[in-house]
Amino acid sequence: MHNIHIAGTGIWHPEQKVSNEEIVNSYNSYVDNYNSVNEDSIKDGSVAAMEHSSVEFIEKASGIQSRYVIDKEGILDINRMMPRVHNEHEDRLSIHAKAGLEAAVKAMEQANVRVSDIDAVIVGTSHAARNYPAVAIEIQNELGIKGYAYDMLVGCSSTTFAINNAFSDIASGLANTILVINPEISTPFVNFTHRDKHFIFGDGCAASIIQKDSTSEKSFKILDRKLYTQFSNNIRSNYSYLNRAAVDNKPNDELLFHQNGRGVFKEVCPLVAELISSQLKSNDIDPKNISKFWLHQANGKMIRLITSKILGTDDFNPEIAPMPIKEYGNLASVGSLFAFNLNNDLNSGQKGVICSFGAGYSVCSIIVEKN
Ligand SMILES: CC(C)(COP(=O)(O)OP(=O)(O)OC[C@H]1O[C@@H](n2cnc3c(N)ncnc32)[C@H](O)[C@@H]1OP(=O)(O)O)[C@@H](O)C(=O)NCCC(=O)NCCS
């Protein structure tokens, strides 16, 4: 009987950091400008005045204090309000592949794995870089990996779903070692002129090596996986290759990320708490014996609420549910793996839960044990 491990992980984020003060100052200047340009229409009631954002609201509602982004200047420029990126070009590496390679090298080093050991590459992300060729194949080519590679999309659960696929491929005998990469370059898809959304996302990428019988010091045995999906429009993007040919033409802003944040909060917290609790129960594991809950980083209050529901008490050491969201913002599907990578100094035999959840809705929870 073989074990399958997360043998090592690596993370990457852009260097440019944006504080709440900076993002709110830029947003508020945009609002002042908008209100002044539209002064007459606002007075006659034909246009609604925009309201200021605030640092206090952002910290209280989300727990976010800063985020790392691929282009701070473009995002803070009130005449642009979005990062400056280049179109994909056949002669250069895509932005997703570049981020993926940075994280992959670190994961391989931690897992003590060489390129020649890797049989496959799986890229899981919330936002497809393009339709084809797969970014995973681009990364496979760049690293010189033999075997196969593919991309997959499961919203904010893409990271754990991709680890789950790697586990299944290894368990079925297709591969022994798989490189999983989760690039989340979200800021080009955020409407920075929208008060409910302008503060939420940062950019980042993680990679993990999933391997049969790893001997790496940092490795965690995967004990169990549980997946669940339930259709919801509460987190949605309508951006698609169909847009070009659509007869009901919509402006880009209407096609970007949008969410009913309160609806998500109310529906997803009980769903995730119940899923993890029942998974632990069916594995005969007392929640009190879980040393870390590495949860999806969408909102600090959500993380606390889910953890307290699972433990049956509000009274727990906050370190049990790490919150990189504070520094990195919401990293879409890769937040849970950032939490894992930055806080996994467990002793042999100690257990933890990695769980990402979000658009779909989709949830994938993985119970791991330190080797
Ligand atoms: C997005 C989120 C942080 C917003 O928090 P919230 O408390 O639900 O905030 P709401 O949008 O309902 O707004 C609450 C109030 O703050 C105000 N507000 C919203 N954005 C604001 C801002 N940037 N600054 C100041 N006030 C703001 C609203 O106008 C509203 O005022 P009202 O009560 O007078 O109507 C929160 O809902 C969330 O994180 N939800 C889960 C998201 C999630 O899991 N997403 C997954 C995607 S990966």
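When the chain is treated as a Gaussian network with alpha carbon springs shorter than 10 Å, the biggest mean-square fluctuation among Leu295, Leu179, Leu227 belongs to Leu227.
The distance from the alpha carbon centre of the stretch 109-152 to that of the stretch 12-44 is 38 Å, rounded to a whole number.
If you take the beta carbon distance between Asn87 and Ser278 as r and set R0 to 45 Å, what does 1/(1 + (r/R0)^6) give as a FRET efficiency, to the nearest 0.05? Rounded to the nearest 0.05, the efficiency is 0.45.
For the stretch 252-334, the average shadow cast by the Cα convex hull is 6.5 nm², which is a quarter of the hull's surface. Here Asn233 and Asn347 are evaluated by their C-beta separation; at R0 = 45 Å the FRET efficiency comes out at 0.55. Report the full-extension gain for the segment Glu56 to Ser41: residue separation times 0.36 nm, less the Cα-Cα distance, to one decimal in nm. Answer, rounded to one decimal: 2.4 nm. Fraction of C-alpha pairs exceeding 18 angstrom in the stretch 183-251: 68 percent, rounded to a whole number. Backbone phi angles across the stretch 204-209, fed through the Karplus curve with coefficients 6.51, -1.76 and 1.60 (θ = phi - 60°), yield HN-Hα couplings of x, 8, 10, 9, 9, 9 Hz in residue order; Gly and Pro are listed as x.
Full extension of the segment from Asn243 to Gln16, taken as 0.36 nm per residue of separation minus the current Cα-Cα distance, would add 78.5 nm.
Each listed q (0.12, 0.21 Å⁻¹) maps to a log10 I(q)/I(0) for the stretch 221-370, found by the Debye formula over equal Cα scatterers with no solvent: -0.53, -1.35. Can you compute the FRET efficiency between Ser172 and Tyr34 using 1/(1 + (r/R0)^6), with r the Cβ-Cβ distance and R0 = 51 Å? Round to the nearest 0.05. Result of the calculation: an efficiency of 0.40. Counting Cα-Cα pairs of the stretch 1-128 in 10 Å increments starting at 0 gives whole-percent bin shares of 10, 25, 26, 20, 11, 5, 2, 0. Checking every one of the trypsin sites (Lys or Arg not before Pro) in the stretch 87-188 against DSSP loop status and a limit of 15 other Cβ atoms within 10 Å picks out Arg92, Arg114, Arg130, Lys146. Model label sites at Ala48 and Glu319, defined 7 Å from Cα along the beta-carbon direction, differ in position by 4.6 nm. Restricting the calculation to alpha carbons of the chain gives Rg and Dmax of 20.9, 75 angstrom. Net charge dipole, the chain: roughly 840 debye, given to the nearest 20, about the Cα centre with Cβ charges of +1 for Lys and Arg and -1 for Asp and Glu. Taking N as the residue count of the stretch 322-371, its C-alpha radius of gyration divided by 2.2 N^0.38 Å amounts to 1.22.
Dividing the summed -39500 (n - 2.57) terms of all DSSP H runs of n ≥ 4 by the residue count of the chain sets its mean residue ellipticity at 222 nm at -10000 deg cm²/dmol.
Read-outs throughout are calculated quantities, based only on the coordinates presented, and are distinct from any laboratory measurement. Just so you know, these numbers come straight off a predicted model, no measurement behind them. Heads up, the Cβs are rebuilt from the backbone with ideal geometry, glycines too, and the neighbour counts pull from every protein chain shown.
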